Amino acid sequence: MVGVWKENSDKCSRIAAETSTPIKVGQRRSRVAVYGARSANEGYKSSWWSSSKSVSAWEETVEAPPGLGRKTTGIPDEKLVKCLTQILQEKDVQAKMDAEGYVSIQWLLKVKSALSWECGGNAKSLVSAIDSQVGIQLDEAHRRVRLRSCSEQLLVEAKRLIQQLPFGVVPLSSFFGLPSLSQMQKRSELDAEGLLRKALTRDSELVIQGAFVAWQPRAEKLRKSVEQLFLEQDSQLHSKIQQSGDVPLTWIVGRYAEKLGLAHSDVRNSEALAEAVAGALQNSQVLRVDRHRLTVRKGRSPERAPEEPRSGETDRQEGGERKGGRAASQLRQLLDFYFEPFTLQHNRYLLDLILKRADAPQDKGPWRVEALQNCRFTWEDLQGLGRIQSALTKLQSRPDGMVELRDLKHLSCDDGQLHLRTQLEVRNFVHAENVSQDVAGAAVRYLTASREQQQEAPMGVVNVMSYAVGEMMTDQCPAGTQRLAKVKRQILVYRTDLICLQGLDANEKIGASLATSLVEEGYGLASSKVNGEANCILWDRRRWERLREDLTDDALVVELKPYEDPETSIRVVCWRANVHNDSSRLFGAHEKVLMCTDLSRVGGAEAAGIVDGLVGLPSVAEEVLGEEVAAHIPAPPGLSLDGDCELAPVRSQGLNRLRHPDAVFFLNMTPVTALSGHTAEYLEKMPQEDVVQQFPCFRLPIVAAFDWQNSNWAGAKRAPSNAADHVRL
């Protein structure tokens, strides 16, 4: 018997004799022998092999395993990979694949004799042969295998191309010759560049910068990975957060090394790596990091002042007079920005300043124009606003520096005292009657506190916001992006547990952008669109767990459980009411219910009684404020203020027309506080331009807090559901 390996012919003969397995001469030649025989032929070597490995590194003697006439080495085997690819496409193998598309390597070797023969029955040999292949994907443990999609193959090829270049930055056009891209073009209507951009944006390690592709900085990758951990929040991380809120970064590094893309050598020095993660999280909008204690907790980063407005020309002179003039100009622009009516009403620091300085409203309404204009504050009160403090420090060093700030757009300055010049109302939280002032005060403090001062949520209290944003989604004018940013600020100015958005389609371009921004703030998301009606419900994942989700009569229903009270569940309904809807099927008589409703289709909140199931349900605005929240009526398309925007309020006899389009109903809970609306006089006389600027959706979000542990509210008993006998008109 003649062996395959020339140098080990005696040893191979002895192995064959022991196993009685005849091997014909030349039948199964090893890759080492073939490679050594053809090493002089450069055409035999593949391009990647010749550029990365030397021939001598692989010219080593390898024994054949007992019972087999073949032994593989670390050299990639095209025949083996081709055999595996064909096997993974067979129907019986695909039936064995799990939910992720993987199939066990051990099962393949046991069932597929051809594959076992090719790799010598050795799983490690199979793994080493396919580890560097483009078309096949191994799992993290190297125990399962699956075929890669064309997009995944494109990503692998792109990364290899970038790694081969010295600067790590590659023009998009350099990828046009990749084989996987050619395959994708045959199945898609997109051009090569469109397919590339779509595929490469899915990878966290690559970033597209104009017409170039580059590696994403490690700090950015670490930040996104840690933020994703806190958004997904598995049981161990959730338990850690519940203990104290602060999670040690060293624990995260040790527990989630693979998810963070860290090598074992990195994990050994966990403290140094934790410091690197802390630095990466410094600019996070989702997490707050303590770089001294090396801990991280959930919560949005502190509100930042806007970037300094850039003047038309740069002052390069060092003269003190020129510097002072520039500081005065910058401070003026910052003050005009901060005290613009919309910004003022959606800045936590300024709202807290009004709460401390202005007299409390005498009725269940907002701070009126007169009360705000009589409110006095000093320059020192504004030093908590980022860049204003820096600009003030520069200006106050000049004896006459503050003189230049007497004539401001929204403020007046008299003897160092500031007060508003703008005709403005600011919404106010009104406490419910017969509710403990301590409970109501704690609820308001949690809703309005800045991120640095925010404490734990009051036990047994749930906060909710309801906002109909559908009309904003239809705005295709150039100002649509600005309106979307304003809507986001309206939603995030208060830290509510639940957010119900009627009309938001999370799968549509504009809706997806807003939904993604909210999810990044730590909210869970459920969305639906049936018969053209879109709804979204978001919940704070720090406090709430989703139990189930239903879709009934175009309404989205999510049942949530608070972590602090596992025996309780709240049924949250988000919908746009219709006279044909029967909301009585959305909940049971003994359930705790929050129903966030857009009632514009049935004539407003006054007509809620014509909807079956809403009869007898109390409205939080009506119970706490004494009236529903008013809003402007948008004009039909075409009656615009200018040629670029189709938005304007309906006017009659020189006044804006008003409506009450939304309501939040509740059952088996007690209202604690509710955010007031504006007075009718203020809304009716508001200039049309101000309406568009201050109310991007021509609505006001309804914000309220409820005590779910107390269901003795007088109005919370459901009346018989007979709309014909209980019309609230």
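The values are calculated or read from the model by the stated rules, or taken from the named source; none is laboratory data. Just so it is clear, the structure is predicted and the values come from calculations on it, not from any experiment. Using ideal geometry, Cβ is built from the backbone for each residue, glycine included, and neighbour counts are taken over all protein chains shown. Ligands, DNA and RNA are excluded from the accessible area calculation, which covers all protein heavy atoms including side chains. Shrake-Rupley method; radii C 1.70, N 1.55, O 1.52, S 1.80 Å.
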Given a 1.4 angstrom probe, I'd like the percentage of the accessible area of region 518-572 that is carbon and sulfur, rounded to a whole number.
35 percent
With every protein chain present, what accessible area does residue 591 have (1.4 Å probe, heavy atoms only), rounded to the nearest 10 Å²?
60 Å²
Among 135-147, 668-680, how do they line up by average Cβ neighbours within 10 Å per residue, starting with the highest?
668-680, 135-147
Using alpha carbon centroids, what distance separates region 588-608 and region 95-152, in Å?
55 Å
Ordered by packing density, taken as the mean number of other Cβ atoms within 10 Å over each peptide's residues, highest first, how do 112-119, 412-419 rank?
112-119, 412-419
Apply the Karplus curve 6.51 cos²θ - 1.76 cosθ + 1.60, θ = phi - 60°, to the phi angles in region 273-288 and return the couplings in whole Hz, x for Gly and Pro.
5, 4, 5, 5, 5, 4, x, 5, 8, 4, 9, 5, 8, 10, 10, 10
Heavy-atom accessible area per residue of region 79-154, all protein chains kept, 1.4 Å probe, expressed in Å², is 52 Å²
Suppose all protein chains stay in the model; what accessible area per residue would a 1.4 Å probe give for region 506-567, in Å²?
43 Å²
In terms of modelled amide H atoms, which long-range or inter-chain residues lie less than 5 Å from the amide H of residue 429?
676
What does the accessible area of residue 83 come to, in Å² to the nearest 10, when a probe of 1.4 Å is used?
20 Å²
Taking amide H positions as placed in the peptide plane 1.01 Å from N, state which residues far from residue 136 in sequence (5 or more) or on other chains have amide H under 5 Å from it.
148
Could you pull the accessible area for residue 96 with a 1.4 Å probe, rounded to 10 Å²?
110 Å²
By average C-beta atoms within 10 angstrom, highest first, the peptides 345-353, 603-611
603-611, 345-353
